[in-house]
Amino acid sequence: MSAAGARAGWPDGARIVITGGNSGIGLETARALTRHGAHVVIACRNTARAAAAAGRVRAESPRGRIDVAELDLSSMASVRAFGSAWDGPLDVLINNAGVMAPPRQVRTVDGYELQFATNHLGHFVLTGLLLPSLLAAPAPRVVTVASIAHLGGDEGVVEADEPGRYHAQRAYRNSKLANLLFALELQRQADYHGLALRSLAAHPGVSATGLFSARDGMGANPVVRLVAPPFLRVFTQSARRGARAIIEATVGVNPPPYQGPQRFGETRGPVGPARLSALAQDEKLAHRLWQVSEDLTGFHYPWP
């Protein structure tokens, strides 16, 4: 693969799934990994947009391979269909897709709050469904994309799906705290079962992506949808730069458990170890969230 990929011991053709890889950080990650010879599958809700994005990557990167698969993380039926259809070993799963702060509460087809479902529950079940395929690979990794927003998360993360007063930003912050609690607990579980799986987390800082203006998130507000793109282009880093931490977590030889940009409050700059909140490191809270996730979804991990 790349120089970093070679250091990690991966041959060309490593199989990598990226959720939500049709734009922004996910697309830039897919572009870099395909360019260095990986077989990347971008798993997205909007397969038409994903196919167009994959076509552009193919034109730029004839060495690797990129395919598209349908996956709606807000639908447990879609998550289970994707997980059941996967065949063969999987080297890396990148849990990237997300939705950010829709101004009004939205419930999914399964009755979950949208951000908690898309950002956490969908990835929780997807990772478990793909666990046998990951363990069939020689050095499997799961990379979960978190956010500096997790620093504002609170203990209500384990009650994130309960009906009540909705606060868009609090729900988003707690969904990103859930990402980190999950990533770190997944590593503890893998270690307990004596498995070679590496579970890592990374965040992109603040980057100019469609996350801010997406219609199912903050972009549901037409003013935000209008103002966000030019503001982001001027005051934040590019999606390509934001993807660096995720790429390094994917192919680095010995990446830290959580990494991201190092400058300006971790919003941009060179990549290195990122700051974890005290709650993100709380093993009891992580265990509670794991149990809540199992109870809500009815899914239990098939540990060997």
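The values are calculated or read from the model by the stated rules, or taken from the named source; none is laboratory data. All figures in this text were calculated on a predicted structure; none of them were measured in a lab. Neighbour counts are summed over all protein chains in view; Cβ atoms, including those assigned to glycine, are modelled from backbone coordinates with ideal geometry.
For R141, state whether it is more than 18 Å from R80 (Cα to Cα), in contact with a Leu (Cβ under 8 Å, 6 or more places away or on another chain) and free of Cβ contacts under 8 Å to residues at least 24 places away in the same chain. Please lay out each step first, then the result.
Details: more than 18 Å from R80 (Cα to Cα): yes; in contact with a Leu (Cβ under 8 Å, 6 or more places away or on another chain): yes; free of Cβ contacts under 8 Å to residues at least 24 places away in the same chain: no.
Considered against the rule, which asks whether it is more than 18 Å from R80 (Cα to Cα), in contact with a Leu (Cβ under 8 Å, 6 or more places away or on another chain) and free of Cβ contacts under 8 Å to residues at least 24 places away in the same chain, R141 comes out as no.
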(Q) All but one of (1) crowded, with 22+ Cβ neighbours inside 10 Å; (2) modelled with pLDDT of 95 or more; (3) of a type outside the set (G, A, S) hold for P102; state the number of the condition that does not hold. (A) (2)
Q.
Just checking, does the range 70-86 include any residue being in contact with a His (Cβ under 6 Å, 6 or more places away or on another chain) and either in a strand (DSSP E or B) or closer than 25 Å to A245 by Cα (or both)?
A. no
Q: Those residues that are within 30 Å of G242 (Cβ to Cβ), modelled with pLDDT of 95 or more and either touching a Cys at 6+ places or on another chain (Cβ under 9 Å) or of a type in the set (K, R) (or both), I need them from the range 258-304; list them, please.
A: R275
Q.
Among the residues that make up the range 257-278, is at least one of them acidic (D, E) and under 27 Å from L131 (Cβ atoms)?
A. no
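Would you call L93 touching a residue at least 24 places away in the same chain (Cβ under 8 Å) and either of a type in the set (F, W, Y) or not in a strand (DSSP E or B) (or both)?
Values: touching a residue at least 24 places away in the same chain (Cβ under 8 Å): yes; either of a type in the set (F, W, Y) or not in a strand (DSSP E or B) (or both): no.
Spelling it out, it is not the case that L93 is touching a residue at least 24 places away in the same chain (Cβ under 8 Å) and either of a type in the set (F, W, Y) or not in a strand (DSSP E or B) (or both).
To keep it simple, each residue is scored yes or no on (1) aromatic (F, W, Y); (2) modelled with pLDDT under 50; (3) surrounded by 21 or more Cβ atoms within 10 Å (Cβ to Cβ); (4) closer than 24 Å to L114 by Cβ.
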position	(1), (2), (3), (4)
N179	no, no, yes, yes
L197	no, no, no, no
A201	no, no, yes, yes
V206	no, no, yes, yes
P229	no, no, no, yes
F235	yes, yes, no, no
A239	no, no, yes, yes
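May I ask you to list the residues in the range 107-118 that are out of contact with any strand residue (DSSP E or B) (no Cβ under 9 Å at 6 or more places or on another chain) and assigned to a helix (DSSP H, G or I)?
Of the range 107-118, the ones out of contact with any strand residue (DSSP E or B) (no Cβ under 9 Å at 6 or more places or on another chain) are 108-112, 115-116, 118.
Q115, F116, T118, listed by residue number.
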